[in-house]
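The values are calculated or read from the model by the stated rules, or taken from the named source; none is laboratory data. Just so you know, these numbers come straight off a predicted model, no measurement behind them. Here the Cβ positions follow ideal geometry from the backbone for every residue, glycine too, while neighbour counts run over all protein chains shown. Just so you know, the surface numbers come from the protein's heavy atoms only, side chains and all, with ligands and any DNA or RNA stripped out. Shrake-Rupley method; radii C 1.70, N 1.55, O 1.52, S 1.80 Å.
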Amino acid sequence: MGFPLVPSRSDSPTQTMVFRGLNAVELLDVRVKAGARELQLQLAEAVIGSDPACDLHLEDGAVSRRHCSVQLDEAGVRVKDLGSKNGTRLGDARIIEAVWEPGQTLTVGATKLTLELGKQPTEVPLAPTNHFGPVYGASVSMRALFAALERAAKADTTVLITGETGTGKDLVARALHEASSRREEPFVVCDCSALSAGVVEAELFGHTRGAFSGAGEAREGLFQAAHRGTLFLDEVGELPADLQPKLLRALESKKVRPLGSTSEVNVDVRVLAATHRDLHGAVKKKTFREDLFFRLAVIEVRVPALRERREDLPLLVEQLLAQRTPKLALTDLPANALKLLSAYAWPGNVRELRNVVERLVVTKRLEDLGQGPMALKGWHEARAEALSKFELDYVQRALLQANGNLAAAARALGVSRQLVHQLVTRHGLAHD
């Protein structure tokens, strides 16, 4: 099954992307403005919210910590509500997901956001292929990632791979190693989240005999095991604070000192690191060392979430089926399977997709997906949730128009003051 490498043009009045053949895309300079604050949009999803770690931080008590996201795609500027408490409004309409056009006002909490178009577009290189090693995708965001990975593979420096859980950061790391000059040497993995704080140092740097209770013999660490090859530090954001300066020292000196030893050992290792955590935010909160972050992120790449590139889903499913023995094709799936898979948000990303496809192959029944992660909520639960969101949005608008006065809001809605008071109490809204 073939997939076009250049996406079809959008009918959107605002064309945010101009393709320069197969090898580059020109991104319009689009900025989200909130008063004096602004955010320049890129291919990566940007989050707006009250959490200081958000890409656009809003000091607004009515804004959720992660309120909504905005992103450039082939359709224009796409905005998505992220399950915010008070909702996201585009013009007069409350939206879950929509294309945001210049001239429209986006309202989050009590904050009004607008789009501003600049005159300096940014050219982003694109790989002319739909894969980098075992990592597949024909979307613009993935081809931009592949182009960045091709450049990183030629450099012998540290790379920080970010992205949500399940996006395939480990596959990216291995693909980088296989495309590098160290491909014939060891690829060693250290899962920082799976080791207790007391053993991480010994695992990384090794130890001498008797260095601690239970150390019956000397053992080399993962740095030494990866000598001349690549050391992959998975979930590096979980690294204990007291070990961070020791890792920084090892990266800068290219030497490690095993626990219990007074001498250092030279190591020739390329380090790749990955995390699902927001290390930029962790640096701001001083829970992750800034100097170590900059040493790890000499090159930083982000693996997009599957919901950001749903156009890749048929290609990914096709590849997952082709990996089976015997090989299968899309025609081996039940009818309407791809439509159902494309309508799902995939919080578990490609890892979850792999499990669901496996289940479909075994059961060959779409109905069985209703017992797993793709299950719909029960009618009563879903109805109650939708009603609660409606109440919150409707009463909040009435209170804003009535300047917080319950009686005036009740008159505007044509209901009793007591009902408005009950709704305000239920949803924790401010009022006079």
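For the chain, set up a GNM with springs between Cα atoms under 10 Å and report which of Pro125, Pro347, Pro326 has the largest fluctuation.
Looking only at Pro125, Pro347, Pro326, the biggest GNM fluctuation is shown by Pro326.
Starting from 0.36 nm per residue, how many nanometres of slack lie between Gln104 and Asp92 once their C-alpha separation is accounted for?
Full extension of this stretch gives 3.4 nm more.
By DSSP, what percent of the beta bridges with both residues in the chain are antiparallel, rounded to the nearest 5?
Bridges in the chain are about 70 percent antiparallel.
What does a probe at Asp60 reach in the range 402-430, counting residues whose amide N is under 14 Å from the point 7 Å along Cα→Cβ?
In the range 402-430, the label zone of Asp60 (backbone N under 14 Å from the point 7 Å along Cα→Cβ) covers no residue.
Give the accessible surface of the chain per residue, rounded to a whole number of Å², with probe radius 1.4 Å and ligands, DNA and RNA excluded.
The answer is 50 Å² per residue.
Between Glu367 and Thr425, how high is the FRET efficiency from 1/(1 + (r/R0)^6) when r is the Cβ-Cβ distance and R₀ = 51 Å? Nearest 0.05.
Efficiency computed from Cβ-Cβ geometry: 0.75.
Looking only at Gly166, Gly414, Gly87, which one moves most when the chain is put into a Gaussian network model with springs between Cα atoms under 10 Å?
Among Gly166, Gly414, Gly87, the largest GNM mean-square fluctuation belongs to Gly414.
Return the lysines within reach of Lys285: Cα separation strictly under 29 angstrom, same-chain partners fewer than 8 residues apart disregarded; answer none if there are no such residues.
Within the straight-line cut-off, Lys285 pairs with Lys33, Lys80, Lys85, Lys112, Lys169, Lys246, Lys254.
Cut-off 14 Å, label point 7 angstrom out along Cα-to-Cβ of Val189: give me the residues of the range 344-374 whose amide nitrogen falls inside.
The answer is 351.
Ignoring everything except DSSP H segments at least 4 long, calculate the 222 nm mean residue ellipticity for the chain; use -39,500 (n - 2.57) per segment, divide by total residues, nearest 500.
-9000 deg cm²/dmol
At q = 0.10, 0.19 Å⁻¹, what log₁₀ I(q)/I(0) does a Debye calculation on the Cα points of the range 325-425 give, no solvent, two decimals?
After summing over all Cα pairs, the log10 values are -0.51, -0.90.
Taking every eigenvalue of the Cα gyration tensor of the chain, multiplying by 5 and rooting it, what semi-axes result, largest first, whole Å?
43, 28, 24
What is the antiparallel percent of DSSP beta bridges lying wholly in the range 185-282, to the nearest 5?
Antiparallel bridges: around 25 percent, rounded to the nearest 5.
Please identify the GluC sites (Glu not before Pro) of the range 168-232 that satisfy two criteria: DSSP loop assignment and at most 13 other Cβ atoms within 10 Å. Which are they?
Here the sparse-neighbourhood loop sites are Glu184, Glu217.
Give me the aspartates and glutamates in straight-line cross-link reach of Lys284: C-alpha distance below 14 Å, same-chain residues under 8 apart excluded.
The reachable aspartates and glutamates, counting only those whose Cα sits under 14 Å from Lys284, are Asp51, Asp55.
Could you please state how large a percent of the accessible area of the chain is carbon and sulfur, counting protein chains only and using a 1.4 Å probe?
In the chain, the share of accessible area belonging to carbon and sulfur is 51 percent.
At a Förster radius of 56 Å, what calculated FRET efficiency corresponds to the Cβ-Cβ distance of Val199 and Gln401, to the nearest 0.05?
0.40
Loop-only check: which trypsin sites (Lys or Arg not before Pro) in the range 326-376 are DSSP coil with at most 10 other Cβ within 10 angstrom?
Sites meeting the loop and neighbour criteria: Lys327.
Taking just the alpha-carbon atoms of the range 178-289, what radius of gyration and Dmax come out, in angstrom?
14.3, 42
Return a whole-number percent for the relative contact order of the range 278-361, with Cα pairs under 8 Å and 6 or more residues apart as the contact set.
Relative contact order for the range 278-361 comes out at 28 percent.
Could you order Ser141, Ser253 by accessible surface area, starting with the largest, using a probe radius of 1.4 Å?
So, going from the largest accessible area down, we get Ser253, Ser141.
Which GluC sites (Glu not before Pro) in the range 225-272 sit in a loop by DSSP (not H, G, I, E or B) and have at most 15 other Cβ atoms within 10 Å of their own Cβ?
For GluC sites (Glu not before Pro) across the range 225-272 that sit outside H, G, I, E and B with at most 15 neighbouring Cβ atoms in 10 Å, the list reads Glu264.
In nanometres, what is the gap between the two model label sites at Asp170 and Lys112, each 7 Å from Cα along Cα-to-Cβ?
Taking the two extended label points, one gets 5.0 nm.
Principal axis lengths of the range 258-352 from Cα atoms, whole Å, largest first?
So the three principal-axis extents are 65, 34, 23 Å.
Gaussian network model of the chain, Cα springs within a sub-10 Å range: biggest mean-square fluctuation belongs to which of Asp191, Asp29, Asp92?
Comparing Asp191, Asp29, Asp92 in a Gaussian network model of the chain, the most mobile one is Asp92.
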